[in-house]
Number of protein chains: 2
Amino acid sequence: MSIVSQVTDSTRVGKRERLAGAAVRVLHEQGVEKTTLADIARAADVPVGNVYYYFKTKDQLIEAAIDAHGRQLESMIEAMERLGTPQERLKALLQGWIGQRDLTAKYGCPTGTLASELDKRDDGLDRAVAKVMGELLDWVERQFQAMGRADARELAVALIAAYQGISLLTNTFRDPELMATEGRRLGRWIDSLA
Amino acid sequence: MSIVSQVTDSTRVGKRERLAGAAVRVLHEQGVEKTTLADIARAADVPVGNVYYYFKTKDQLIEAAIDAHGRQLESMIEAMERLGTPQERLKALLQGWIGQRDLTAKYGCPTGTLASELDKRDDGLDRAVAKVMGELLDWVERQFQAMGRADARELAVALIAAYQGISLLTNTFRDPELMATEGRRLGRWIDSLA
DNA sequence: GTCTATATTGGGATAGAC
DNA sequence: GTCTATCCCAATATAGAC
């Protein structure tokens, strides 16, 4: 492969990723159905019609955004892996959620709102979000297993559900403090399971 | 008012309510953005163009659907009021949720999916859903108060959040058993608070 | 009051110039 | 590889016949 084609390739990858990254943000803020390709193109500083050079359809761009969001989540999980105990790791997760409470009050949980909205569509994009959600769920389950809990799966489902639910209420009532209060309650709950 | 105008009035009310009722169902199944006036008109067996005789805009029809859904919830709450103890009433609520698990796996919680979707819109419809959600929350809070809990509000938020979250997961993974398992766990939790 | 035909708009997608 | 102009369709909303 020549140097020239490498440069053009890296240019293409650059714009592709800029579009996918912008899509993650805009889809979270506006939702899938309200977001036009023009909105994403503008946020990524790419001309509208040009989007189709990188993605054949809007669905493909959304799928790229879901993948990008999944990778963000993965790197967040990797950062928490470095902590010493499973309790510390789970509580770091809680702190992350609480730290995002203002954004959540405005737009809800990025993964949850995406899952809820994509479920209503015929295309298979809802499976892609389910995969992202499933990976977080599996990680939480492993933390409860490391705490010696035989009911690790049920507890993991309960914790993620608590987060998804309080995200929805925080968003519905536009009150970040709901997240903070529930986060503290969940912290005490995790302590009580040890 | 003459008999004739009474008849025509009742006819109008009939179609209006048929449209609002059909909208509740279709909006739950398809979501707000994916649902066209034609979809609702078909479900209500009313010609498309005729919808505008009863509702000036799509938003007004959605608002009527939210109100109708709120009244359904109210009558459900009234039915539970007849039970003897607050614990029994809360567990009846849980049983209702578990009984709806197949529908929830397909389409999510009607109130929650509506709240999540309407939040992304500029119109004020999200406030109408927040009101419905708030009424359920207040009722649950009163049950915890009747159980003598000083932290009744926090517990009510936690219970409704748990339901909203498990509804989202049940829907995302299309697994009704998630709702059943979490419902049993919440039942044990309520018992432990008495 | 009821319904049909149609105007209007907006957004996804394509053709093709450069 | 980049961008503009435009096609096309779907859905809200309206005009007006009956």
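Going through (1) within 16 Å of DNA strand C (Cβ to nearest atom); (2) within 14 Å of chain B (Cβ to nearest Cβ) one by one, residue A:104 falls short only on (1). Any residue that is part of a helix (DSSP H, G or I), closer than 19 Å to residue A:172 by Cβ, more than 14 Å from every other protein chain (Cβ to nearest Cβ) and open to solvent by less than 80 Å² (accessible area, probe 1.4 Å) - is there at least one of those in the range B:14-28? Yes, the range B:14-28 has at least one match. The range B:53-143 holds helices (runs of 4 or more DSSP H) entirely within its bounds, and those carrying 2 or more residues that are among the hydroxyl-bearing types (Ser, Thr, Tyr) map to B:101-107, B:110-118.
Among the residues of the range A:29-42, those that are touching a residue at least 60 places away in the same chain (Cβ under 8 Å) and open to solvent by 20 Å² or more (accessible area, probe 1.4 Å) comprise A:29, A:33.
Within the group B:58, B:106, B:120, which residue is under 21 Å from residue A:165 (Cβ atoms), open to solvent by 50 Å² or more (accessible area, probe 1.4 Å) and not acidic (Asp, Glu)?
Details: B:58 fails: under 21 Å from residue A:165 (Cβ atoms); B:120 fails: open to solvent by 50 Å² or more (accessible area, probe 1.4 Å).
After ruling out the rest, the residue left standing is B:106.
On inspection, residue B:180 qualifies as under 26 Å from residue A:154 (Cβ atoms) and more than 7 Å from chain A (Cβ to nearest Cβ).
Restricting the first member to the range B:43-62 and to residues that are at negative phi, and the second to residues that are within 7 Å of DNA strand D (Cβ to nearest atom) and of a type outside the set (Phe, Trp, Tyr), the beta-carbon pairs closer than 8 Å and six or more apart or on different chains are B:48/B:37; B:48/B:38; B:51/B:37; B:58/B:37; B:61/B:37. Among the residues making up the range B:170-180, those that are out of contact with any Gly (no Cβ under 6 Å at 6 or more places or on another chain) and surrounded by 19 or more Cβ atoms within 10 Å (Cβ to Cβ) are B:170, B:172, B:178, B:179.
Picking from residues in the range B:30-42 that are part of a helix (DSSP H, G or I) and over 19 Å from the mean Cα position of the chain (by Cα), the one that is farthest from DNA strand D (Cβ to nearest atom) is B:42.
Considering each residue of the range B:93-100 in turn, at least one proves to be modelled with pLDDT of 95 or more, away from DNA strand C (no atom under 16 Å from the Cβ), loosely packed, with under 15 Cβ neighbours inside 10 Å and polar (S, T, N, Q).
Note down all Cβ pairs under 6 Å where the first residue falls in the range B:79-101 and is under 26 Å from residue B:168 (Cα atoms), the second is of a type in the set (S, T, N, Q) and assigned to a helix (DSSP H, G or I), and they're at least six residues apart or on different chains. Within 6 Å, the pairs are B:89/B:143; B:90/B:143. The residue of the range A:137-164 that is surrounded by the fewest Cβ atoms within 10 Å (Cβ to Cβ), among those that are within 30 Å of residue B:125 (Cα to Cα) and of a type outside the set (A, V, I, L, M), is A:163. The one condition from (1) in contact with a helix residue (DSSP H, G or I) (Cβ under 6 Å, 6 or more places away or on another chain); (2) open to solvent by 20 Å² or more (accessible area, probe 1.4 Å) that residue A:167 does not meet is (2).
The values are calculated or read from the model by the stated rules, or taken from the named source; none is laboratory data. Everything numeric here is computed off the predicted structure, so don't read it as measured data. Positions of Cβ are backbone-derived with ideal geometry, glycine not excepted, and every protein chain shown enters the neighbour counts. Ligands, DNA and RNA are excluded from the accessible area calculation, which covers all protein heavy atoms including side chains. Shrake-Rupley method; radii C 1.70, N 1.55, O 1.52, S 1.80 Å.
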